[in-house]
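Peer 1: Here's a structure for you.
The values are calculated or read from the model by the stated rules, or taken from the named source; none is laboratory data. As the structure is a prediction and not an experimental result, all values here were calculated from the model. Glycine gets a Cβ as well: all are built from the backbone with ideal geometry, and neighbour counts include every protein chain shown. Just the protein is used for accessible areas: all its heavy atoms, side chains included, with ligands, DNA and RNA removed. Shrake-Rupley method; radii C 1.70, N 1.55, O 1.52, S 1.80 Å.
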Amino acid sequence: MAFNLDALASVVLDDSIKGIPFGATLRLADVASQGWNLLSGDLPLPAAIIRADALAHNSRWMQRFVAERGALIAPHVKTTMCPQIIARQIADGAWGVTVATVQQMRVCRGFGAERIILANQAVGRSELDAIAAMVGEPDLDFMMIVDSAAGIEAAAEAMRRNQLERPLQLLLERGYPGGRTGCRTNDIALAIARQIRATPGLRLVGIEAFEGLIKTENGSPEQAVGGFMDEIAALFGLCVGEGLFESDAPLVTAGGSSYYDIVIDRLANCGARVVTRSGCYVTHDSGLYQSAHQRLQAKTGEQDGLRRALEIWTYVQSIPEPGLALLTAGRRDCGTDSGFPVPLLLSRAGAPPQDLPPGCEIVNLNDQHAYMRFPADLPLAVGDRVGLGISHPCTTFDKWQIIYLVDDDYTVIEAMKTFF
């Protein structure tokens, strides 16, 4: 499977897009030749950047980690919705891609994706008709999840309405009490699996689950995830025993960006193809997933693990009182659902970035401002540049149409286009 990025070359950028230099109008393909450097003041701030070396390392690292354990990966591209990043993940060996919506599916299909998992149950007529049109194309291997009799009937009716000759491949979703979507017990799930098997035009090809939001009152989240995966493995065995799968190689797919190691370990011996769907690994972060990855490293002994690739750069705009700096980035630029951004780097007058000392902290955000407390002995000045790390990259990516790929010197080597 390959992504065709030719259509991106002619995309025109101008200064109506956040982060594009004022007065500039140019094709996306021409950005690399401009020689723009973030630290030299060539870019208006705030600007979102991805460190090229870290991005390449993360993509290869995850592919190796998963492959060494006998699993596959279909990264959840809702994280970035950036065809250039998705193309890298596919080139590094991704088995397919995962999307959350039909719009995301259309984007990926438009760039040539040939294997797509829709990790949601489509129920609307417009969405199901769009799916039917794409599934009718012979080079697309598509799977959608269902968790109810109503979902099955809506899918079957769409296939009839669109006179689709190819069967629609479905993944039975197993959830957990208090969680998001999905059948709450294996008994309920097994009944749904039987209904899929008995419905013309539909084909059950595997089991799907998402463990990332699981909580527990007793024991650790890791124990809860492991127990949930054991239930998924048992459900897979029940479906095999009744001959409910219509696939030569039925799969089980789970694994967000926090517990994919546990998912792979617990599903390794259930007899299924195991497909993980992590998305945030490709840029990693400085908060939520950094903490999860530290747990994985302690458990597995992985030394050179995932690296922070995504940063938001901003100016010190004002120091209105001792120990408080106002930065030129806010909620319009950084996701805050999993914590405020983390002040990491300081650059003055174009100098190479230095690590900020302990005691620097973002304590509040407005739409366009960040409030950073800093130690009294830090010689911070208006006009200094501060690089912020973020927590949970999904809710930062969607705030940027253009994100710059930079080398070690923060020279722009590519403009990366998102499609949200």
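Peer 1: Being assigned to a strand (DSSP E or B) and either more than 21 Å from Y289 (Cα to Cα) or open to solvent by 20 Å² or more (accessible area, probe 1.4 Å) (or both) is the filter here; which residues of the range 338-371 pass it?
Peer 2: V342, L344, L346, S347, Q354, D355, E361, V363, N364, L365, A370, Y371
Peer 1: Now for a separate question. Can you pull out every residue in the range 27-41 that is surrounded by fewer than 16 Cβ atoms within 10 Å (Cβ to Cβ) and in contact with a strand residue (DSSP E or B) (Cβ under 8 Å, 6 or more places away or on another chain)?
Peer 2: Passing the criteria: R27, A32, Q34, G35.
Peer 1: While we're here: With the requirement that a residue be under 25 Å from S347 (Cα atoms) and touching a residue at least 40 places away in the same chain (Cβ under 8 Å), what does the range 21-41 give you?
Peer 2: Listed by number, the residues that qualify are V31, A32, Q34, G35, W36, N37, L38, L39, S40, G41.
Peer 1: Testing Q63 on (1) open to solvent by 60 Å² or more (accessible area, probe 1.4 Å); (2) without any contact (Cβ under 8 Å) to a residue 60 or more places away in the chain; (3) not in a loop (DSSP other than H, G, I, E, B), one condition comes back false. Which one is that?
Peer 2: Here Q63 meets the rest and fails (1).
Peer 1: Only one residue in S59, S40 is more than 16 Å from I402 (Cα to Cα) and touching an Asp or Glu at 6+ places or on another chain (Cβ under 6 Å), so which one is that?
Peer 2: Being more than 16 Å from I402 (Cα to Cα) and touching an Asp or Glu at 6+ places or on another chain (Cβ under 6 Å) holds for just one of S59, S40, which is S59.
Peer 1: I would also like to ask the following. Taking the range 244-264, which residues are in contact (Cβ under 8 Å) with a residue 12 or more places away in the chain, surrounded by fewer than 16 Cβ atoms within 10 Å (Cβ to Cβ) and out of contact with any Lys or Arg (no Cβ under 6 Å at 6 or more places or on another chain)?
Peer 2: S247 - this is the single residue of the range 244-264 that is in contact (Cβ under 8 Å) with a residue 12 or more places away in the chain, surrounded by fewer than 16 Cβ atoms within 10 Å (Cβ to Cβ) and out of contact with any Lys or Arg (no Cβ under 6 Å at 6 or more places or on another chain).
Peer 1: Tell me, please, whether a residue that is β-branched (V, I, T) and not in a helix (DSSP H, G or I) can be found in the range 144-158.
Peer 2: Looking for residues that are β-branched (V, I, T) and not in a helix (DSSP H, G or I), one finds at least one in the range 144-158, hence yes.
Peer 1: Moving to a separate point now. For the range 115-138, name all the residues that are of a type outside the set (G, A, S) and more than 19 Å from L204 (Cα to Cα).
Peer 2: Correct list: R125, E127, D129, E137.
Peer 1: Continuing with this model, one more query. Can you pull out the residues in the range 372-420 that are of a type in the set (V, I, T) and in a loop (DSSP other than H, G, I, E, B)?
Peer 2: Correct list: V382, I390, T418.
Peer 1: Looking only at the range 257-278, count how many residues are not in a helix (DSSP H, G or I) and not polar (S, T, N, Q).
Peer 2: Here the count works out to 9.
For (1) free of Cβ contacts under 8 Å to residues at least 12 places away in the same chain; (2) in contact with a Lys or Arg (Cβ under 8 Å, 6 or more places away or on another chain); (3) part of a loop (DSSP other than H, G, I, E, B), each residue gets a yes or a no:
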| position | (1), (2), (3) |
| --- | --- |
| R160 | no, no, no |
| Q163 | yes, no, yes |
| Q169 | no, yes, no |
| P177 | yes, yes, yes |
| T181 | no, no, yes |
| D187 | yes, no, no |
| L190 | no, no, no |
| R203 | no, no, no |
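Peer 1: Report whether or not S291 is open to solvent by 50 Å² or more (accessible area, probe 1.4 Å), of a type in the set (G, A, S) and at negative phi.
Peer 2: It is true that S291 is open to solvent by 50 Å² or more (accessible area, probe 1.4 Å), of a type in the set (G, A, S) and at negative phi.
Peer 1: While we're looking at this one, here's another question. Hey, among the residues in the range 307-333 that are assigned to a loop (DSSP other than H, G, I, E, B) and surrounded by 19 or more Cβ atoms within 10 Å (Cβ to Cβ), which one's farthest from the chain's Cα centre (by Cα)? Steps first, please.
Peer 2: So in the range 307-333, the residues assigned to a loop (DSSP other than H, G, I, E, B) come out as 307-309, 322-323, 328-333.
From what is left, the residues that are surrounded by 19 or more Cβ atoms within 10 Å (Cβ to Cβ) are 308-309, 328-330, 333.
Details: R308: 14, A309: 13, T328: 26, A329: 22, G330: 22, D333: 17 Å.
Among them, the one singled out is T328.
Peer 1: Kindly provide the set of residues from the range 372-382 that are open to solvent by less than 60 Å² (accessible area, probe 1.4 Å) and not hydrophobic (A, V, I, L, M, F, W, C), ordered by number.
Peer 2: Result: P375, single match.
Peer 1: Conditions first: (1) touching a Lys or Arg at 6+ places or on another chain (Cβ under 7 Å); (2) surrounded by fewer than 16 Cβ atoms within 10 Å (Cβ to Cβ); (3) of a type outside the set (A, V, I, L, M). G301 passes all but one, so which condition is the exception?
Peer 2: If we test G301 against (1) touching a Lys or Arg at 6+ places or on another chain (Cβ under 7 Å); (2) surrounded by fewer than 16 Cβ atoms within 10 Å (Cβ to Cβ); (3) of a type outside the set (A, V, I, L, M), just (1) comes out false.
Peer 1: Okay, next question. Go through the residues of the range 216-234 one by one and say whether even a single one is part of a loop (DSSP other than H, G, I, E, B), of a type in the set (F, W, Y) and crowded, with 17+ Cβ neighbours inside 10 Å.
Peer 2: no
Peer 1: Could I ask something else about it? Does T98 fit the bill of being in a loop (DSSP other than H, G, I, E, B), within 13 Å of the chain's Cα centre (by Cα) and among the polar types (S, T, N, Q)?
Peer 2: In short, no.
Peer 1: Return the residue satisfying two criteria in turn: it lies in the range 107-166 and is open to solvent by less than 20 Å² (accessible area, probe 1.4 Å) and β-branched (V, I, T), and of such residues it is farthest from A74 (Cα to Cα).
Peer 2: I152
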